[in-house]
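**Student:** The structure's right below; bear with me while I get my questions together.
The values are calculated or read from the model by the stated rules, or taken from the named source; none is laboratory data. Since the model is a prediction, treat every value here as computed from it, not as a measurement. Cβ placement follows ideal geometry from the backbone for every residue including glycine, while neighbour counts extend to all protein chains displayed.
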Amino acid sequence: MKRLICCILCFLYMTVGFGQSYSNDVTLLNKDKNAVTVRTSGIHEKKKDAAEMAVKSAFYTYFFIGIPGLNDDKPLLKPEDEINYRDYFDRFFEQGRYRNFVRAAIPEGDPEKLRAKDFKATVRLTFQEELLRRDLELNKIAIKGADRTSMEETQEQIQLPTIMVVPYKEAGRTFEQILKNDYDKRMAVAKVQEGFNRKGVMTVDFEAKLNAAKRAMQYESNSAESFDKQLLRNSGSDVYVTVDIYKDIAPTGSRVALTLKGYETASGNVLASRQSSSNRFKTSAMDQLCVYAVNDILDDFLKDIATSFAHKIVKGNTVVLNVSIAGTAVQDMETEVGPQSYPLADLLRLWVKKNAVGGKYHVQGSVAEAIIFDQIQIPNRDENGNALDVNDFAFSIWEYLRGDLNIPCRKKVDGNTIYIIIE
């Protein structure tokens, strides 16, 4: 009995010693590329130690609770990491290793005496976040986030996107009109595409796609607006990038400003957005000024796209699924099919939910003649670790309809859009 009590007391001593009463009263004040500045408070029974407790509390909150405005408001580490890497955090907090990452710790006034005879200190703390995260990674503690994953590392996990560069289009204008009448935008599109090609990015030529589509008359549309939308959707590109250009010509010289926005073709979600201006030169060579602006912006823009696609390693890719009923079909979306006699539309929703990453999908619309899933997150790899893409997902649903439900159908894949036609 005495031995049991000793063991319990020993355990309690270790627990209290490791998990001090850290405060989570931490507010983000500023963040730059390498450092973070916060206002943090800490409580201690000794006045002289309250400020140190405030600094420790900031680090503890950053690791295990989360600071609003940092890391998507989430903690950097998992709760179990505190125990799994006890040696590291004992050295970090108890042996003062955290001081290696402090750039400045400025107390804001004297510690306040509380009713419980403790003292509360508030400190303006600047710590070297980049250095701290590298230290965690070197000690194999922090999992590298998408924002720190290189293009090469992302490419090892998933196929990087193909990009089509298009001119920014105001309401009421068409791509064809811009190509015919706006030399500056046409030139800017060409220079941005050349920049992507120099970086080794696979691109789809916009003008060639537009001309080929017109020759083939493959788009069913009643307006130029819907023609342009279908051109983007069926381009075969994973991402389309809009380019806008502004010329500033003055007696002191000329310059251009570029705005690039990258969109996921399947979902329309914004992946990246950057602006850049060239320096002012006494020249009328706008194409060269455009090259300067492109070179200034392209690396960061590509990094943003790489970050967005690195998120896909966890979240999966986005596809669009359009299931329609042919005019000769004997059934529609309301027909009850399968062993449980569920309406076909409901069976499709259940199948998509089961096969999407985290069950994430969105239905744009469902009627008797069709159902459209405008956003489905599909996995990048199967249970055996083999790569999956939109064609594999299309085959799986085609096989489900024909094999499990005995419904004749055909399929077509355009870019990240899947068309299933039930016959």
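**Student:** Mind checking which pairs have a first residue in the stretch 43-63 that is more than 18 Å from E129 (Cβ to Cβ) and aromatic (F, W, Y) and a second that is outside any helix (DSSP H, G or I) and at pLDDT 95 or above, Cβ under 6 Å, 6 or more apart or different chains?
**Tutor:** Pairs that qualify, where the first residue is more than 18 Å from E129 (Cβ to Cβ) and aromatic (F, W, Y) and the partner is outside any helix (DSSP H, G or I) and at pLDDT 95 or above: there are none.
**Student:** What number of residues within the stretch 39-76 are in a loop (DSSP other than H, G, I, E, B), within 21 Å of the chain's Cα centre (by Cα) and surrounded by fewer than 20 Cβ atoms within 10 Å (Cβ to Cβ)? So that I can check it myself, show each step before the final result.
**Tutor:** Within the stretch 39-76, the subset in a loop (DSSP other than H, G, I, E, B) is 45-46, 65-70, 74-76.
If we keep only those that are within 21 Å of the chain's Cα centre (by Cα) as well, we get 66-70, 74-76.
With the extra rule that they be surrounded by fewer than 20 Cβ atoms within 10 Å (Cβ to Cβ), the set shrinks to 66, 68-70, 74-75.
Qualifying residue count, the stretch 39-76: 6.
**Student:** For the stretch 153-160, check the following and say yes or no: at least one residue is in a loop (DSSP other than H, G, I, E, B), surrounded by fewer than 18 Cβ atoms within 10 Å (Cβ to Cβ) and modelled with pLDDT of 85 or more. Please lay out each step first, then the result.
**Tutor:** Here is the first cut: in the stretch 153-160, the residues in a loop (DSSP other than H, G, I, E, B) are 158-160.
Those left that are additionally surrounded by fewer than 18 Cβ atoms within 10 Å (Cβ to Cβ): 159.
Restricting the remaining residues to those that are modelled with pLDDT of 85 or more gives none.
No, the stretch 153-160 has no match at all.
**Student:** Hey, another quick one. Name the pairs: first residue in the stretch 70-85 and touching a residue at least 60 places away in the same chain (Cβ under 8 Å), second residue small (G, A, S), Cβ to Cβ under 7 Å, at least 6 apart or on different chains?
**Tutor:** Short answer, once both residue conditions are applied: L76/A142; L77/A142.
**Student:** What number goes with the only condition from (1) touching a Cys at 6+ places or on another chain (Cβ under 7 Å); (2) touching a residue at least 60 places away in the same chain (Cβ under 8 Å); (3) of a type outside the set (G, A, S); (4) farther than 29 Å from V270 by Cβ that I420 does not pass?
**Tutor:** (4)
**Student:** One residue is enough: does the stretch 168-176 have a residue meeting the conditions within 26 Å of M286 (Cβ to Cβ), hydrophobic (A, V, I, L, M, F, W, C), part of a helix (DSSP H, G or I) and at pLDDT 85 or above? Working first, answer last.
**Tutor:** Step one: filter the stretch 168-176 for residues within 26 Å of M286 (Cβ to Cβ), giving 168-176.
Still in the list and also hydrophobic (A, V, I, L, M, F, W, C): 171, 175.
Then keep just the ones that are part of a helix (DSSP H, G or I); that gives 175.
Restricting the remaining residues to those that are at pLDDT 85 or above gives 175.
Checking the stretch 168-176: at least one residue is within 26 Å of M286 (Cβ to Cβ), hydrophobic (A, V, I, L, M, F, W, C), part of a helix (DSSP H, G or I) and at pLDDT 85 or above.
**Student:** Check the stretch 238-246 and report whether any residue there is in contact (Cβ under 8 Å) with a residue 40 or more places away in the chain, out of contact with any Leu (no Cβ under 6 Å at 6 or more places or on another chain) and either among the small types (G, A, S) or assigned to a loop (DSSP other than H, G, I, E, B) (or both).
**Tutor:** Yes.
**Student:** Give the residues of the stretch 407-417 that are without any contact (Cβ under 8 Å) to a residue 40 or more places away in the chain and either of a type in the set (A, V, I, L, M) or part of a loop (DSSP other than H, G, I, E, B) (or both), sorted by residue number. Walk me through it before giving the result.
**Tutor:** Step one: of the stretch 407-417, the residues without any contact (Cβ under 8 Å) to a residue 40 or more places away in the chain are 408-413.
If the condition is that a residue be without any contact (Cβ under 8 Å) to a residue 40 or more places away in the chain and either of a type in the set (A, V, I, L, M) or part of a loop (DSSP other than H, G, I, E, B) (or both), then P408, V413 are the ones that fit.
**Student:** Ok, one more. Starting from the stretch 93-104, keep only residues that are more than 20 Å from E82 (Cβ to Cβ), then list their pairs with residues that are of a type in the set (S, T, Y) and at pLDDT 95 or above whose Cβ atoms are within a distance under 9 Å, requiring at least 6 positions of separation or different chains.
**Tutor:** The qualifying pairs are V102/T126; R103/T37; R103/T126; A104/T37; A104/T126.
**Student:** A follow-up question, please. Under 7 Å by Cβ, and 6 or more places apart or on different chains, what pairs join a residue from the stretch 118-136 that is assigned by TED's automatic domain parsing to the domain that holds P75 and more than 24 Å from N84 (Cα to Cα) with one that is of a type in the set (V, I, T) and not in a strand (DSSP E or B)?
**Tutor:** V123/V55; L125/V55
**Student:** For the stretch 319-330, give me the residue count where each residue is in a loop (DSSP other than H, G, I, E, B) and either surrounded by 13 or more Cβ atoms within 10 Å (Cβ to Cβ) or not polar (S, T, N, Q) (or both). If you could, list the steps in order and put the result at the bottom.
**Tutor:** Here is the first cut: in the stretch 319-330, the residues in a loop (DSSP other than H, G, I, E, B) are 326-330.
Still in the list and also either surrounded by 13 or more Cβ atoms within 10 Å (Cβ to Cβ) or not polar (S, T, N, Q) (or both): 326-327, 329-330.
Number of matching residues: 4.
**Student:** Kindly establish whether S267 is among the polar types (S, T, N, Q), within 17 Å of the chain's Cα centre (by Cα) and surrounded by fewer than 21 Cβ atoms within 10 Å (Cβ to Cβ).
**Tutor:** Values: among the polar types (S, T, N, Q): yes; within 17 Å of the chain's Cα centre (by Cα): yes; surrounded by fewer than 21 Cβ atoms within 10 Å (Cβ to Cβ): yes.
Spelling it out, S267 is indeed among the polar types (S, T, N, Q), within 17 Å of the chain's Cα centre (by Cα) and surrounded by fewer than 21 Cβ atoms within 10 Å (Cβ to Cβ).
**Student:** Is there a residue being in the same structural domain as N416 (by TED's automatic domain parsing), without any contact (Cβ under 8 Å) to a residue 60 or more places away in the chain and within 30 Å of D244 (Cβ to Cβ) anywhere in the stretch 319-335?
**Tutor:** Within the stretch 319-335 (the criterion being in the same structural domain as N416 (by TED's automatic domain parsing), without any contact (Cβ under 8 Å) to a residue 60 or more places away in the chain and within 30 Å of D244 (Cβ to Cβ)), the answer is no, since none of the residues qualifies.
**Student:** Could you please give the count of residues in the stretch 241-256 that are surrounded by fewer than 12 Cβ atoms within 10 Å (Cβ to Cβ) and touching a Lys or Arg at 6+ places or on another chain (Cβ under 8 Å)?
**Tutor:** Qualifying residue count for the region: 2.
**Student:** Here's another thing I want to ask about it. Count, please, the residues in the stretch 342-373 that happen to be over 30 Å from the mean Cα position of the chain (by Cα), within 19 Å of E399 (Cα to Cα) and not in a helix (DSSP H, G or I).
**Tutor:** 3
**Student:** For residues in the stretch 374-389 being in a loop (DSSP other than H, G, I, E, B) and out of contact with any helix residue (DSSP H, G or I) (no Cβ under 6 Å at 6 or more places or on another chain), which is surrounded by the most Cβ atoms within 10 Å (Cβ to Cβ)?
**Tutor:** First, the residues of the stretch 374-389 that are in a loop (DSSP other than H, G, I, E, B): 379-380, 382-386, 388-389.
Add one more test, that the residue is out of contact with any helix residue (DSSP H, G or I) (no Cβ under 6 Å at 6 or more places or on another chain), and what stays is 380, 382-386, 388-389.
On the way: N380: 18, D382: 11, E383: 6, N384: 5, G385: 6, N386: 9, L388: 16, D389: 15.
Ranking the candidates gives N380 first.
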